[in-house]
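The structure appears below as structure tokens.
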Amino acid sequence: MNITTIGVDLAKAVFQVHGVDGRGKVVVRRSLRRQQMLPFFARLAPCLVGMEACGSAHYWARALATLGHEVRLMPPQFVRPYVKTNKHDVADAEAICEAVGRPTMRFVAIKSEAQQSLLALHRARSGMVKARTGQANQIRGLLGEFGRVVPRGLGPLLRTLPEWLEDPESGLPEPLRGLLARLYEHLQAVHRHVQELETEIVAWHRQSEASRRLAEVPGIGPLTASALVASIGDIRHFHSGRQLAAWLGLVPRQHASGGKARLLGISKRGDTYLRTLLIHGARAVVRHARTPGDWLQRLLTRRPTNVATVALANKNARIVWALLAHDRRYQADWALCQ
């Protein structure tokens, strides 16, 4: 079979492939079981393979690349316009095969196992932080029903609740004490897991020279720096700092018609986790901004705090690109030195 391009619709057990030759004629259209995937592509001559960037896509991209194929991943929303009929596996594979050959298509960088492993730590930590917050809120709600109010924050709750549980004069009913004790034990366990994951992430951060350089930027700490390095991978995929900021969804949405352009709020495209980390880090810098006359202080005098926070996150994203693309260290007075 003289196949030049193949589109693969990924799944858990049954995969659909659609292959064409150099003239665009359909050569193969079939479904494959999971165990048939690698033997099938091992028998083919090296060709262009397109897949949507979804679950297990990076694994299959690495596996097929070792067989000599050129693998390209595409965002699913960019493939959807090429589906000609109703959505099903055959139509999806054909659309992927069509989209991967487009000269203006945007592709997703294939992540290595090391990158995916670190990002798995980040995702697990993020999920546990949400679980910890939910458990703490549940305990606060139960205490509030009995007239007990704890100051905001996880620390006051972890310090105050044991005192109330041990105090027989606290006025908490006995059945509630047992329940709160179990919930408190679960909260402590989740909190301990979050701290352990953070320790692992920080240990990776200290071993990465690029991550340490990014952490020198105000508003970027070990968590944000390590997540950026693992997610970005090869910075050469981005031609400018603005392209990186747009990939993170930190640039304005544009609505233009009839020669009139209108800028709206930020696009919020891309990785929500990275964007959240950058904005939270920028918010910490804005909260402690005290230097009169600098860029951030002037911005705060004429724009709302949230707008200035997102603007600083956008600026930090561009600084990240400059540091990685030019292999530099952060200098606060770099513009003045030029």
### Task
Go through Val49, Leu263, Pro76 and say which Cα lies farthest out towards the positive end of the charge dipole of the chain; charges sit on Cβ, +1 for Lys and Arg, -1 for Asp and Glu.
Leu263
### Under 5 Å, built H, 5+ apart or other chain: amide partners of Val49
Ile6, Glu70, Val71, Arg72
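Count the DSSP beta bridges whose two residues both fall in the chain, then state the antiparallel fraction as a percent rounded to the nearest 5.
Values: 18 of 27 bridges.
Taking every DSSP beta bridge with both residues in the chain, the antiparallel ones total about 65 percent.
About the Cα centre of the chain, what is the dipole size in debye to 20, counting +1 per Lys and Arg Cβ and -1 per Asp and Glu Cβ, all else neutral? Write out the running numbers ahead of the final one.
Working: 48 positive and 26 negative charges, 269 e Å.
Computed charge dipole of the chain: roughly 1300 debye.
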### Task
Mind pulling the angle between the C-alpha long axis of helix 174-207 and the longest principal axis of the chain? Nearest 10 degrees, somewhere in 0 to 90.
50
### Task
Please report Rg over Rh for the range 211-337, where both radii come from the alpha carbon positions and Rh follows the Kirkwood definition.
0.97
### Task
Counting other beta carbons within 10 Å of each Cβ, put Tyr330, Tyr82 in order, fewest first.
Tyr330, Tyr82
### Task
Return the distance in nm (one decimal) between the two label points of a simple spin-label model at Gln138 and Leu158, each offset 7 Å from Cα along Cα→Cβ.
1.9
### Query
How many angstrom lie between the C-alpha centres of the range 88-163 and the range 17-35?
37
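For each of Val8, Val129, count neighbouring Cβ atoms within 10 Å of the residue's Cβ, then give the residues from fewest to most. Numbers along the way, then the final one.
Working: Val8 27, Val129 16.
In order of increasing Cβ crowding within 10 Å: Val129, Val8.
Whole number please: convex hull volume per residue, Cα atoms of the range 5-100, in Å³.
Details: hull volume 8.4 nm³, N = 96.
Per residue, the Cα convex hull of the range 5-100 comes to 87 Å³.
Taking each pair of different alpha-carbon atoms in the range 200-247 once, compute 1/r for the pair, average those values, and report the inverse of that mean as the Kirkwood hydrodynamic radius in Å to one decimal. Provide the component values of the computation, followed by the final result.
Values: mean 1/r = 0.0897 Å⁻¹.
Taking every pair of different Cα atoms in the range 200-247, averaging 1/r and inverting gives 11.2 Å.
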## Note on the structure
In cubic angstrom per residue, the convex hull of the chain built on its Cα atoms measures 232
### Task
Show the residues, 5+ positions off or on another chain, whose built amide H is closer than 5 Å to the amide H of Arg30.
Val17
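Apply 1/(1 + (r/R0)^6) to the Cβ-Cβ distance of Glu113 and Ala261, taking R0 = 35 Å, and write down the FRET efficiency to the nearest 0.05. Intermediate values should be presented prior to the final figure.
On the way: r = 43 Å, r/R0 = 1.23.
Given R0 = 35 Å and the Cβ-Cβ separation, E is 0.20.
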#### Entry: With Cα atoms, 0 to 90° folded angle of helix 89-100 axis to the chain main axis
80
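What do the square roots of 5 times the Cα gyration tensor eigenvalues come to for the range 113-207, in whole Å, largest first, as semi-axes of the equivalent ellipsoid?
On the way: eigenvalues 223, 27, 22 Å².
Working through the eigenvalues yields semi-axes of 33, 12, 10 Å.
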### Query
Using the alpha-carbon atoms, what tilt in degrees (0 to 90, nearest 10) does helix 222-232 show relative to the longest principal axis of the chain?
10
### Coarse-grained scattering of the range 33-186 at q = 0.21 Å⁻¹, given as base-10 log I(q)/I(0) from a Debye sum over alpha-carbon atoms
-1.31
#### Entry: Net charge of neighbours whose Cβ lies under 15 Å from the Cβ of Arg298, counting Lys and Arg as +1 and Asp and Glu as -1
+3
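All of the numbers you see were taken from the coordinates with simple rules; none came from a lab. In this text the structure is predicted, and so the values were computed from the model without any measurement. Note that each Cβ is placed from the backbone with ideal geometry, even for glycine, and that neighbours are counted across all protein chains shown.
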